[in-house]
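A.B. asks: I'd like to ask some things about the structure below.
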Amino acid sequence: MALSLLDLGLVERLDAPQGCKYIMALDCGTTSVRAAIIDEYNCIVAQASRPLKTFYPKSGWVEQDPMEILASQIAVMMEVQFKSGIHSDSIAAIGISNQRETAIVWDRDSGQPIYNAIAWQCRRTAPIADALVAEGCSDIIRSKTGLIPDAYFSATKIKWILDNVDGARDAADAGELMFGTVDTWLIYNLTGGAVYATDYTNASRTMLFNIHTLEWDDDLLEMLDIPRGMLPETRWSSGEFGRVSSEIMTHSPLITGVAGDQQASLFGHCCFDPGMTKNTYGTGCFMLMNTGSRCIKSGHGLVSTIGIAVNGVVSYALEGSIFHAGSTIHWLKKLGLLENAAESSDIALSRPDNGGCYLVPALSGLGAPWWDADARGLVCGLTGATDRSMLVRAACESMAYQSYDVLRAMELDAGVELPSLAVDGSASRNDFIMQFQADLLGIPVVQSETKETTALGAAFLAGLAVGYWEDMDELEQNRVLAKTFEPAGNRAVAERDIAGWHDAVGRARSVVQ
């Protein structure tokens, strides 16, 4: 059964009811949860957030508490109503975006998790992924899911829980366990257990979902020994996912939009046409290119995924996932090199260049386009002249270098040259990083008016389902851009820096280059 507010310690139709004027978006990220209230002009009129704790029980292991995730999300839902004076009777619908790939398994009767949420960055299941590769499963996994066997995706995490938590395997076989990515965990509990579902974008990140037939795949389930009965129903991203329990919101608004955070961001940027590309600079960096009806098989270290699933139409996407971006800045804070993330821009700008210093933030391996789980972070090019400012600049530059590699891989796979790159996320507000990114890429970097494009995308999906916005054309017409960073640097210098970066990556990788 779903958990009640008491458990947490917190005190049918799709038409929007008369008088409703706003959409609420829930953005359940990796380091924080948010609730935002958005008006018909795509403006965020109020928001609230709370940090989330992350645990590192062993090297490479990353976990979160599912109960804290749920309690914090409900708390910010309450807080944003209190702060804004906009209550549930004025909410037309709710949209949810969430950190993807993170796996939660809970007991069907008690509603209690049987283990912590295994977060998307966790590398403990790399041996399971390696075994799949060794057994020759890569091609079938890729042909059905668009993904490569990797610990990043949910399937290996589910298998680990079933194999390592006492009694879990027997309970799963008996139909007593439920699995969900974070969206499913939230939906199930927010609706009081009435709805057990996910959307196609989140399902496409599990490594168990056939992105062509839009169904859980029996071959993949058998391959990983995961019972089909513990998987949620799958639905379109814009449509009904049940009503919020009246214990949580008095007037029980409908949940009508759900998407993984990066797909929500793609939608929030209005990247509706093939070739349109966005990059989110958050805990990690996540670049997605809309490829329309073409599901492109990458030959350059990217994955294919479902990008948009609306109105009965699937648009596929090429994606490059970078594991450490903003988390690298948090790591510098942990070392005492920064007091806050905001000062990193001024410190980086205080230097004319990086002084030959490169930081490869492979703190839990390297993601796209390298996919090296055993790579480890390093700093190279150290001399007696290296100081704090060099290290801070090198950390900031690392986000742009990693994004450069992914974008070039994307262009090769799609056979196009991108005219510009849309950006969002906290680090997109760092002017040094954005200008350095434009200089490396040689194309404009276009900053959204709001860095919370993920929440905006979730709101768009919810609002379309209830007629709050008429169609996607209206969303595009209301889109507001903040700033464009034009490439301005010396190309020869950029090429030198890129070569230095690639040399550093080669040194960080587990296989000698």
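The values are calculated or read from the model by the stated rules, or taken from the named source; none is laboratory data. This structure is a prediction, so every number in the text was calculated from the model and none was measured. Virtual Cβ from ideal backbone geometry, glycine too; neighbours counted across all protein chains shown. With ligands, DNA and RNA removed, areas are computed over all heavy atoms of the protein, side chains included. Shrake-Rupley method; radii C 1.70, N 1.55, O 1.52, S 1.80 Å.
A.B. asks: Over all directions, the average projected area of the alpha-carbon convex hull for region 191-248 comes to how many nm²?
C.D. replies: 4.6
A.B. asks: Oh, and also: May I ask which residue of 59, 508, 214 lies farthest towards the positive end of the charge dipole of the chain, with charges of +1 (Lys, Arg) and -1 (Asp, Glu) on Cβ and the Cα centre as origin?
C.D. replies: 508
A.B. asks: Something else now. Sequence-distant or interchain residues sharing an amide H contact under 5 Å with residue 275, placed H: which?
C.D. replies: Those qualifying (amide H under 5 Å, at least 5 residues apart or on another chain) are 290, 291, 292.
A.B. asks: A further question on this structure: Could you go through region 472-484 in sequence order and give the Karplus-derived ³J(HN,Hα) for each residue, using 6.51 cos²θ - 1.76 cosθ + 1.60 with θ = phi - 60°, rounded to whole Hz, and x for Gly and Pro?
C.D. replies: 5, 4, 5, 4, 5, 5, 8, 5, 10, 9, 9, 7, 10
A.B. asks: What does the charge count around residue 289 come to, taking other residues whose C-beta lies under 13 Å from its C-beta (Lys +1, Arg +1, Asp -1, Glu -1)?
C.D. replies: Net charge around residue 289: -2.
A.B. asks: Over the chain, what number does the Rg to Rh ratio reach, with both radii from the alpha-carbon atoms and Rh per Kirkwood?
C.D. replies: With Rh from the inverse mean 1/r over Cα pairs, Rg/Rh is 0.95.
A.B. asks: Please state the relative contact order of region 102-225 as a whole percent: Cα pairs under 8 Å, 6+ residues apart?
C.D. replies: The value is 28 percent.
A.B. asks: Pulled fully out, how much extra length does the chain show between residue 493 and residue 363, if you take 0.36 nm times their separation in residues and subtract their Cα-Cα distance?
C.D. replies: Here the answer is 44.0 nm.
A.B. asks: Test of understanding: what is the full-extension gain from residue 486 to residue 507, defined as 0.36 nm times their sequence separation minus their Cα-Cα distance?
C.D. replies: 4.4 nm
A.B. asks: If amide H atoms are built 1.01 Å from N in the plane of the peptide, which residues on other chains or at least 5 residues away come under 5 Å of the amide H of residue 310?
C.D. replies: 315
A.B. asks: To the nearest 20 debye, what is the magnitude of the charge dipole of the chain about its Cα centre, counting +1 on the Cβ of each Lys and Arg and -1 on the Cβ of each Asp and Glu?
C.D. replies: 1160
A.B. asks: So for region 292-388, considering every pair of alpha-carbon atoms, how many percent are separated by more than 16 Å?
C.D. replies: 70
A.B. asks: Region 257-323: which trypsin sites (Lys or Arg not before Pro) are DSSP loop and have at most 15 other beta-carbon atoms within 10 angstrom?
C.D. replies: Within region 257-323, the qualifying trypsin sites (Lys or Arg not before Pro) (loop, at most 15 other Cβ atoms within 10 Å) are 294, 297.
A.B. asks: Separate question: Between the DSSP loop rule and a limit of at most 14 other Cβ atoms within 10 Å, which GluC sites (Glu not before Pro) in region 390-445 are left?
C.D. replies: Those that pass, being in a loop and sparsely packed, are 417.
A.B. asks: What is the Cα centroid distance between region 134-150 and region 173-201, reported in whole angstrom?
C.D. replies: Centre-to-centre distance over Cα atoms comes out at 26 Å.
A.B. asks: Here is a further query. Which cross-chain or sequence-distant (5 or more) residues have an amide H under 5 Å from the amide H of residue 363, H modelled 1.01 Å from N in plane?
C.D. replies: 377
A.B. asks: In vacuo Debye scattering of region 69-147, one point per C-alpha: log10 I(q)/I(0) at q = 0.11, 0.19, 0.20, 0.22 Å⁻¹?
C.D. replies: -0.56, -1.02, -1.06, -1.13
A.B. asks: Which ³J(HN,Hα) values in Hz, rounded to whole numbers, follow from the phi angles of region 121-132 under the Karplus curve 6.51 cos²θ - 1.76 cosθ + 1.60, where θ = phi - 60° and Gly and Pro get x?
C.D. replies: Result, ordered by residue: 7, 5, 10, 4, 8, 4, x, 5, 5, 4, 5, 4 Hz.
A.B. asks: For residue 387 paired with residue 353, estimate the spin-label separation in nm (one decimal), with each label point 7 Å from Cα along the Cα-to-Cβ line.
C.D. replies: Output for this residue pair reads 1.8 nm.
A.B. asks: Same structure again: Over the Cα atoms, compute the radius of gyration (one decimal) and Dmax (the largest Cα-Cα distance, rounded to a whole number) for region 148-230, in Å.
C.D. replies: Looking at region 148-230, its Cα Rg and Dmax stand at 12.7, 36 Å.
A.B. asks: Report, in whole Å, the centroid distance computed from the Cα atoms of region 74-98 and region 281-356.
C.D. replies: Each part's Cα centre sits 28 Å from the other's.
A.B. asks: How much area per residue is accessible in the chain when the probe is 1.4 Å and only protein heavy atoms are counted (Å²)?
C.D. replies: Accessible area per residue: 37 Å².
A.B. asks: Step through the residues of region 297-313 one at a time and calculate ³J(HN,Hα) from phi using the Karplus curve (6.51 cos²θ - 1.76 cosθ + 1.60, θ = phi - 60°), rounding each to whole Hz and writing x for Gly and Pro.
C.D. replies: These are the phi-based 3J(HN,Hα) values: 7, 6, x, 9, x, 9, 10, 9, 8, 7, x, 9, 9, 9, 6, x, 10 Hz.
A.B. asks: Provide the net charge surrounding residue 410, with neighbours chosen by a C-beta distance below 12 Å and charges set as Lys +1, Arg +1, Asp -1, Glu -1.
C.D. replies: Net charge in that neighbourhood comes out at -3.
A.B. asks: Now for a separate question. Accessible surface of residue 50 in the full protein assembly, 1.4 angstrom probe, to the nearest 10 Å²?
C.D. replies: My reading of the accessible area for residue 50 is about 100 Å².
A.B. asks: While we're on this one: List the extent of the Cα atoms of region 421-513 along each of their three principal axes, largest first, rounded to whole Å.
C.D. replies: On the principal axes, region 421-513 reaches 54, 34, 20 Å in Cα extent.
A.B. asks: Kirkwood-based Rg over Rh for region 26-114 (C-alpha set), two decimals?
C.D. replies: So for region 26-114, dividing Rg by the Kirkwood Rh gives 1.04.
A.B. asks: Give me the tail of P(r) for region 93-228 as a percent: Cα-Cα pairs with distance above 17 Å.
C.D. replies: 57
A.B. asks: Between beta-carbons, use under 9 Å as the cut-off and find the net charge around residue 53, counting Lys and Arg +1, Asp and Glu -1.
C.D. replies: Computed value for this residue: -2.
A.B. asks: Here's a follow-up. Report, in cubic angstrom per residue, the convex hull volume of the C-alpha atoms of region 350-462.
C.D. replies: Taking the convex hull of the Cα positions in region 350-462, it is 142 Å³ per residue.
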